[in-house]
Amino acid sequence: MLIPEISLTYQTLIRFYRHFGNRVSVVNSTLSAGERADQFERARRGEIDVIIGPRSALFTPFRHIGVIVIDEEHEPSYKNEAMPKYHAREVAIEIARMHHAVVVLGSATPSLESYYHAERGDYRRYILSRRLTGGALPSVHICDMRAEMKAGNRSIFSEQLQSLLEQRLNAGEQSMLFLNRRGVMGFVSCRACGHVMKCPHCDVALTQHAGGKLVCHYCGYTQPEVRVCPVCGSPYIAGFRAGTEQVEQLVKKMYPTARVLRMDADTTARKGSYEKILSDFANEEADILIGTQMIVKGHDFPKVTLVGILLADLSLGSSDYRAAERTFQLLTQAAGRAGRGERPGEVVIQTYEPDHYAIRYAAAQDYRGFYEEEIQYRRLMCYPPVWHMMAVQVQDRDEDTALLLAGEFRRLCDGMEKNVSDGSIIIGPAAAQISRIRDYYRYAVYVKNEKYDKLVRYKDRMEERWEELIRSEPRFRGTQVQFDFDPVNPY
């Protein structure tokens with residue numbers, strides 16, 4: 001049983017214990033290597049029947065696997081970002097084939113890849129048309145923060161959200177405030193009209209760099225920093241940052257009697273802190289839970305009747321072609337936390353882009369509508385799942401060496417495409433989203449093609465060339481190269 005977040009372990013484990021008793025175990029990152037080995041040994045000896053954990057749980061040495069369930073299968077954490085860059089979904093399907101087992105992919109907002117395969121008949125699709133816990137879907141309000149700004153409200157909370165929070169506190173009901181921080185890497189947008197500075201060639205947000213530059217991390221396009229919005233002429237244009245700690249302080253100031261919990265990377269650093277925060281909130285020891293994406297994934301709190309989504313469009317500004325998909329999934333998942341019990345729920349989506357299709361379809365809880373629009377964009381721009389894409393990642397302590405090898409790969413790919421005319425699209429080299437980590441400079445080249453095996457040929461030829469360069473030029477011996485097929489996160 002795979003789960004994407006350690007924060008879901010407690011809730012999932014309790015449910016499985018109720019059905020299977022002590023035949024259930026857990027592996028996750030909080031266990032030591034010895035503790036993890038103990039659980040794997042118990043599975044090998046047949047002492048347990050169910051293992052719960054993140055993608056690494058796939059390698060539990062059960063002798064006879066019958067079913068692999070991947071909960072929230074759309075989550076990017078199922079892709080291993082270190083070498084080997086495997087995706088848990090693909091590995092699960094191969095393991096199931098070897099054991100003649102079944103794979104169940106579960107999600108209220110399936111990845112476009114999975115839904116695309118279901119549409120083509122590669123996967124069998126089952127649809128849950130109603131909530132298993134009963135009750136109607138929550139009422140969703142889209143709050144235009146541009147209008148709030150024009151009305152003089154400079155707060156991170158809209159007037160409507162403030163009013164609904166007060167109502168819930170007076171009624172003794174619980175609320176959740178979700179801060180959408182995923183994928184934010186210093187993009188620039190206008191607070192008056194919502195316009196985001198985008199690359200004219202790749203249709204992804206430009207990233208703000210030091211030195212007054214806006215850069216595309218797919219093709220390397222660069223332009224000077226913008227001081228005035230090119231759409232409406234407003235001077236209110238800049239990068240935007242906000243954190244859960246600031247939100248918590250503001251909530252306590254506005255509602256001094258409210259009991260507030262915060263769940264983020266800082267408050268969950270200690271072992272057992274996930275379970276403590278979630279159990280305290282489930283036991284109604286707090287009125288408001290504030291957090292990032294870890295609070296909106298699959299949690300079931302029947303007393304929560306209000307979810308406020310702050311900065312809903314921040315992830316739309318991510319320099320990633322999946323930005324709309326990630327935003328739709330996050331907002332839909334967040335909205336699904338409200339009204340899961342007997343009382344009806346309400347959701348407030350605060351956004352500077354109320355007309356964006358990801359926002360509109362999330363508010364309507366309309367996955368099919370979103371898919372139809374998003375897949376057309378992917379088809380037009382030759383992005384996965386319609387096409388395949390390979391990211392070639394080059395790192396070296398010497399920036400010139402990294403850029404030289406990335407440039408060599410680009411020239412090699414151009415030559416191959418010219419010879420065979422296979423329709424490949426080659427992009428880069430461009431500086432990575434984080435251009436230097438631990439003193440390694442990072443560059444990327446992207447190759448796109450409809451056929452996966454054609455990308456494999458490009459990869460094989462680049463590996464051959466890299467080995468030739470290592471033998472002939474010592475400067476490349478310390479260079480690191482990675483090949484990532486259909487990358488889940490921008491490099």
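Where a number appears in this text, it was derived from the coordinates with a stated rule and is not lab data. Just so you know, these numbers come straight off a predicted model, no measurement behind them. So basically every Cβ, Gly included, is an ideal-geometry build from the backbone, and we count neighbours across all protein chains shown.
Charges on Cβ only, +1 for Lys and Arg, -1 for Asp and Glu, centred on the Cα centroid of region 382-456; of A406, C382, Q395, which one is farthest towards the dipole's positive end? Positive-most Cα among the choices belongs to C382. Taking Cα centroids, how far is region 65-89 from region 278-349 in Å? Spelled out, the Cα-based centre of one part sits 23 Å from the other. Which percent, nearest 5, of DSSP beta bridges in the chain are antiparallel? The antiparallel fraction comes to roughly 50 percent. In percent, rounded to a whole number, the relative contact order of region 6-106 is 24, using alpha-carbon pairs under 8 Å and six or more apart.
Counting only residues at least eight positions apart within a chain, or on another chain, the aspartates and glutamates with an alpha carbon under 20 Å from that of K252 are E159, E166, E173, D264, D266, D280, E284, E285, D287. Residue exposure proxy: S114, S56, S32, ordered by other Cβ atoms within 10 angstrom of their Cβ from fewest to most, comes out as S32, S56, S114.
The ranking of V102, V394, V456 from fewest to most other beta carbons within 10 Å of each one's beta carbon is V102, V456, V394.
Please work out whether region 6-106 counts as rounded, prolate or oblate from its C-alpha gyration tensor, where a ≥ b ≥ c are the square roots of the eigenvalues and a/c under 1.5 means rounded, while otherwise a/b larger than b/c means prolate and anything else oblate? It is rounded, given that a/c, with a ≥ b ≥ c, falls under 1.5. Protection proxy ranking, highest mean first, for peptides 311-318, 250-257: 311-318, 250-257, where packing is the per-residue count of other beta-carbon atoms within 10 Å, averaged. A DSSP coil position with no more than 16 other Cβ atoms inside 10 Å describes the following trypsin sites (Lys or Arg not before Pro) in region 324-404: R397.
Ranked by the mean number of other Cβ atoms within 10 Å of their residues, highest first, the peptides 460-471, 478-489, 443-454 fall in the order 443-454, 478-489, 460-471. What you get for region 388-485, charging only the Cβ of Lys and Arg (+1) and of Asp and Glu (-1), is a dipole of about 120 debye around the Cα centre. From the Cα gyration tensor of the chain, with a ≥ b ≥ c the square roots of its eigenvalues, which class applies: rounded if a/c is under 1.5, or else prolate if a/b is larger than b/c, or else oblate? It is oblate, given that a/c is not under 1.5 and a/b is not larger than b/c.
Listed by chain and number, the lysines placed with their C-alpha closer than 23 angstrom to that of K79 are K297, K448, K451, K454, K459; residues fewer than eight positions away on the same chain are left out. Here the Karplus curve 6.51 cos²θ - 1.76 cosθ + 1.60, taken at θ = phi - 60°, turns the phi angles of region 306-319 into couplings of 9, 10, x, 9, 8, 6, 4, 9, 4, 6, 5, x, 5, 7 Hz, with x standing for Gly and Pro. Taken about its Cα centre, the chain carries a charge dipole of about 300 debye when Lys and Arg each add +1 at the Cβ and Asp and Glu each add -1 at the Cβ. Per-residue Cβ neighbour counts within 10 Å put S158, S472, S163 in the sequence S472, S163, S158, beginning with the fewest. Close amide H contacts of I142 (hydrogens built in the peptide plane, cut-off under 5 Å, sequence separation of 5 or more or a different chain): I349. Which of rounded, prolate, oblate describes region 367-465, given a ≥ b ≥ c as roots of the alpha-carbon gyration tensor eigenvalues and a/c under 1.5 marking rounded, otherwise prolate only if a/b is larger than b/c? Note, shape of region 367-465 comes out oblate. Which net charge results for the neighbourhood of R477, defined as the other residues with beta-carbon distances under 14 angstrom from its beta-carbon, given Lys and Arg at +1 and Asp and Glu at -1? Overall, the nearby charge balance is -2. The value of relative contact order for the chain, using C-alpha pairs under 8 Å at least six residues apart, is 15 percent.
Normalised by the number of residues in region 388-485, the mean separation of alpha-carbon contacts (under 8 Å, six or more apart) gives a relative contact order of 45 percent.
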